[in-house]
Amino acid sequence: MKKIFVLSAILFLALGTVTSFAQHNEKQPTPEEIAEKDTKTLVKKLNLSDSQEFYVDSILTANYVGVMAAMEDLQKSGMQDPETYRLVNEQWQKKNLDAMKKVLDEQQYIGYLRHIGKGKDYKKGKDGKWYLKSELKKQNKNSQ
């Protein structure tokens, strides 16, 4: 019985070490790889044209590289205040939103907001277009 317990403990430790080692050696995706993946998702989801795809990829790549560099700089400087990291992230997110607004049409932009979790005030109407939820309620009341 004691041997089984010892063997189990050794096996558990060995598996933990292998798992830990594998996790540390996994290659983290680069900002460029993340931007490429996100762009492909947005192309499908928002039905982007070729020129829009180019701009969206450029925006995401530049901003993802920028935010990662800013976060690394904070980390290297010894910054430990989570509020500072949050503020830097919000700055870059605003840059992203401002740039996307210039490239996407209104419906695509609302779809983008929904995609990133910021478009909760919008809902699709029966015609497949995005509307403010308050506008849809007014439309439904007027049509009854």
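Bear in mind that the values in this text are calculations on the coordinates, not laboratory data. Remember, it's a predicted structure, so these values are computed and weren't measured experimentally. Positions of Cβ are backbone-derived with ideal geometry, glycine not excepted, and every protein chain shown enters the neighbour counts.
Listed cross-link partners LYS45/LYS137; LYS94/LYS138; LYS44/LYS124; LYS102/LYS138; LYS27/LYS94 are compared with a 19 Å cut-off, the Cα-Cα value being larger for LYS45/LYS137; LYS94/LYS138; LYS102/LYS138; LYS27/LYS94.
Oblate is the label for the range 27-143, because a/c, from the alpha-carbon gyration tensor with a ≥ b ≥ c as root eigenvalues, is 1.5 or above and a/b does not exceed b/c. Within the shell of other residues whose beta carbon sits under 15 angstrom from the beta carbon of ASN47, the net charge comes to +2, with Lys and Arg scored +1 and Asp and Glu -1.
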